[in-house]
Structures are given as C-alpha cells and as structure tokens.
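Derivation of every value follows stated rules applied to the coordinates shown; laboratory data play no part. From a predicted model like this one, the values you see are computed outputs, not experimental measurements. A quick note on method: Cβ atoms are made from the backbone with ideal geometry, for glycine too, and the neighbour counts reach across all protein chains shown.
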Amino acid sequence: MTRWLDPDEQQTWRDFLATSQLINEALDRQLQREAGMPHTYYMILVALSEAPERTMRMSELAARAQSSQSRLSHAAARLEERGWVRRERCPADGRGNLAVLTDAGFAALAAAAPGHVEEVRRSLFDVLTPDQVRELGAICSAVRNTLER
C-alpha cells in the first residue's frame, strides 16, 4: 500500500526541492560569473585539493563528486584543457586512472573559494539562526547516513 505524503510532508518536500535547486543555481551562477567554472568543476577541484598529494582515483572522484564515470571523464578532460587537472595511469595496478590537481588548478580553486563561500553564506547560512544551522546539520546527516548505506 502506498504511503502518500500528508499535506505538511508534501509542502516540506516541495520546499526542499525548490530550495535545493535555487541554492545550486545560485552557486553555479556565482562561480560561472566570478571564476569561469561551473559548480561541478569546483566540487571536483575541492575533492582533489583535500586528497593526499592532491591525487585521487577517477572512480573514487566520481563517487565523491556524485557523478557518473563518463560525466566525470568529460569534466576531467575540460579541466585538463585548462591545465587544472592532469590524468595519469595508476602506478599500483596500471589499470585505473588518477586525477591530479595541478598547481594551476589549486590556484584557480584558491581564487574561486572566497566568492563561493560568500555565496554559500548568502544563500543558506545568513538566513538561518545558529539553532536552525544545527538542526539542518542533524537533518542532513540523518538523511545522508540512510542513503549512503
């Protein structure tokens, strides 16, 4: 039997979808305008910047960026054209590919980060109280932990 959403749940679901889309669009617009990159590229550069030696297997990077392998491969090719990422064969097994954040890519990320963080604050955190931020964190963790199992 289908467990339909009650009116409060339906409104919350619709608000969640609209809010998520609006925040993602605001972040994408800001990064395109100020840094010349889409939000997806920014997320890839961040993931690489946090990896040991700024290097990550492409398969792991795809999972971290919540992207398919083919979509990540296309993005990596564009990042490679910009000189921000270099792709290499994995020396451990020779089968996998690695993505390596170059110094130019790290510089592009460092230049983009202040504007991005300001947009995150403006779009989300500035409109919430500290208690709401904690509640949102707990909610997001609960949902994410369920979905990542």
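At a glance:
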| quantity | calculated |
| --- | --- |
| Amide H within-cut-off set for residue 96, under 5 Å, with H built and near neighbours excluded | 90 |
| Label-to-label distance, nm, for residues given as residue 12 and residue 146 (7 Å Cα→Cβ offset) | 0.9 nm |
| Length released on extending from residue 113 to residue 93, taking residue separation times 0.36 nm less the Cα-Cα span | 3.8 nm |
| Most fluctuating residue given options 14, 121, 89, as computed from a GNM of the chain linking Cα atoms under 10 Å | 14 |
| Estimated inter-spin distance, residue 129 and residue 2, nm [label 7 Å along Cα→Cβ] | 3.8 nm |
| With Cα atoms, 0 to 90° folded angle of helix 130-147 axis to the chain main axis | 70 degrees |
| Surrounding net charge for residue 132, when Lys and Arg each add one and Asp and Glu each subtract one, Cβ distance under 15 Å | -2 |
| Options (1) 40, 35, 32; (2) 54, 40, 24; (3) 50, 31, 24 - which one matches Cα extents along the principal axes in Å as calculated here | (2) |
| Alpha carbon convex hull of the range 1-52, volume per residue in cubic angstrom | 114 Å³ |
| Gained length - residue 20 relative to residue 103, 0.36 nm times residue gap less alpha-carbon distance | 26.7 nm |
| Rounded to 10°, Cα long-axis angle of helix 103-123 versus longest principal axis of the chain | 10 degrees |
| Residue 82 paired with residue 49, simple spin-label distance in nm, labels 7 Å along Cα-to-beta-carbon | 1.2 nm |
| Inter-centroid distance (Cα atoms) of the range 133-149 relative to the range 33-91, Å | 25 Å |
